[in-house]
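The values are calculated or read from the model by the stated rules, or taken from the named source; none is laboratory data. None of these values were measured; they are calculated from a predicted model. Positions of Cβ are generated from backbone atoms using ideal geometry, with glycine treated the same way; all protein chains shown enter the neighbour counts. The protein model used for the area step is the full one, side chains on, heavy atoms only, and it has no ligands, DNA or RNA in it. Shrake-Rupley method; radii C 1.70, N 1.55, O 1.52, S 1.80 Å.
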Amino acid sequence: MPNTTTILTNAAAQHTAQQMAAEADSTKNIVALGEKIITGDTKGLDFKAMLDHWLEQAIGFGIRVVIAFIVFYIFRWVIKALVKWFRKWMNYRHVSPGLTSFLSSLFHGLAFVLLIIVLVEILGIKSVSFAALMAALGVAIGAALSGQLQNLAAGVVILTTRPFRVGDWIESKGAEGTVTDISIFYTTLHSIDNSSIHIPNAVVTSDKIINTSSQTTRRCQWIMGVEYNTDVDMVKQTMLSVIDGDKRILSNPPVLVVVRELADSSVNVMMRAWCNSEDYWPLMWEVNEKLYKVFNDKKISFAFPSMTIYQGGDRPMYIDVNNNFEGDQNGAPEAEKTTQQ
């Protein structure tokens, strides 16, 4: 006894063979009719019957087109409703917003592929011809959209490895913002200037990703460059006084103030403090302003790039690299200018 699979396979093969035979007969009839018209042999041809037949086929095809349009708009509305319901169901199941967005986009695309297949059946296009057409289109589209296929694979990588989630603030490829959507092809960021940035998923995964929302705390750092003759202890105390009593500064880890570097033209004093992630930028901006004001109030000079050049004599010549001032150590201009290379 043949099994069910064998029976279904044979039936499908028989149906395909019948369709191919019908198409072949139709093609032969059209070719034969064309040859008779070209040679002028119109005996036995009933043009009225042929016109009636063609008119009937045209009307039938027109009706199928109207039905296809109606089905298209109805199915499109149904697809939108199903996608909306699917999102609500995923949110009810407490699925991550990124995965919800990705699966919704994938479900939407598959539903439209199914709709196209239904429309092809309604229009009466032969399955064999449609399969051959789709195979050719698949090769062409696959070659043209190879980059999009990479984005699709990268989207799967993002959702499985989860380097960031919807709502995180990230930096990638020179762009930064809050992640608002992770679709099958693009990751969307909402920037601080209220614009949307769409980055291909393949670009995101091929470069480093800085996620500043993955931790609850962040480290703030301020570096002040002062002149070499400045009292470093006074600078440290001044910097500490700026953040002293600020409740946004965490006690653990403790605040650190050190001489970070003895640079060419400055002594760089660094202060580090920790805060909650949501307080990072307001704290950075406020402390920057306070440091500038208190340094000016206490007459602490900010260092600027400078160079000392000796010209034969024993008087050094001080040159501002920005070419704002040239003169000797007493401020008197030199008679002969020196050009910095």
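Things worth noting here:
- Test: residue in the stretch 80-89 that is of a type outside the set (Phe, Trp, Tyr), at pLDDT 55 or above and in contact with a Phe, Trp or Tyr (Cβ under 7 Å, 6 or more places away or on another chain): yes
- Checking Ser172 against (1) within 12 Å of the chain's Cα centre (by Cα); (2) modelled with pLDDT of 90 or more; (3) of a type in the set (S, T, N, Q), the condition it does not meet: (2)
- Restricting the stretch 228-249 to residues that are in a loop (DSSP other than H, G, I, E, B) and open to solvent by less than 50 Å² (accessible area, probe 1.4 Å), the residue that is nearest to Phe302 (Cα to Cα): Thr230
- Candidates are the residues of the stretch 213-227 that are within 17 Å of Val166 (Cα to Cα) and in contact with a helix residue (DSSP H, G or I) (Cβ under 7 Å, 6 or more places away or on another chain); the one that is surrounded by the most Cβ atoms within 10 Å (Cβ to Cβ) is Ser213.
- The set of residues in the stretch 95-112 being within 20 Å of Phe164 (Cα to Cα) and either at pLDDT below 75 or open to solvent by less than 50 Å² (accessible area, probe 1.4 Å) (or both) consists of Val95, Ser96, Pro97, Gly98, Leu99, Thr100, Ser101, Phe102, Ser104, Ser105.
- Residue match in the stretch 285-300 (condition: at pLDDT 90 or above, hydrophobic (A, V, I, L, M, F, W, C) and more than 21 Å from Gln237 (Cβ to Cβ)): yes
- Within the stretch 160-189, considering residues that are closer than 19 Å to Ile210 by Cβ and among the aliphatic types (A, V, I, L, M), the one most open to solvent (accessible area, probe 1.4 Å): Val166
- One residue from Val120, Val128 being modelled with pLDDT of 70 or more and under 52 Å from the mean Cα position of the chain (by Cα): Val120
- Leading residue by the ranking (nearest to Asn252 (Cα to Cα)) among those in the stretch 301-314 that are modelled with pLDDT of 60 or more, in a loop (DSSP other than H, G, I, E, B) and over 44 Å from the mean Cα position of the chain (by Cα): Ser301
- The numbered conditions (1) within 30 Å of Lys299 (Cβ to Cβ); (2) in contact with a Lys or Arg (Cβ under 9 Å, 6 or more places away or on another chain); (3) open to solvent by less than 50 Å² (accessible area, probe 1.4 Å) are all true for Val204 except (1).
- Inclusion of Ser265 among residues that are assigned to a loop (DSSP other than H, G, I, E, B), open to solvent by less than 80 Å² (accessible area, probe 1.4 Å), touching a residue at least 40 places away in the same chain (Cβ under 8 Å) and over 30 Å from Trp169 (Cα atoms) is warranted.
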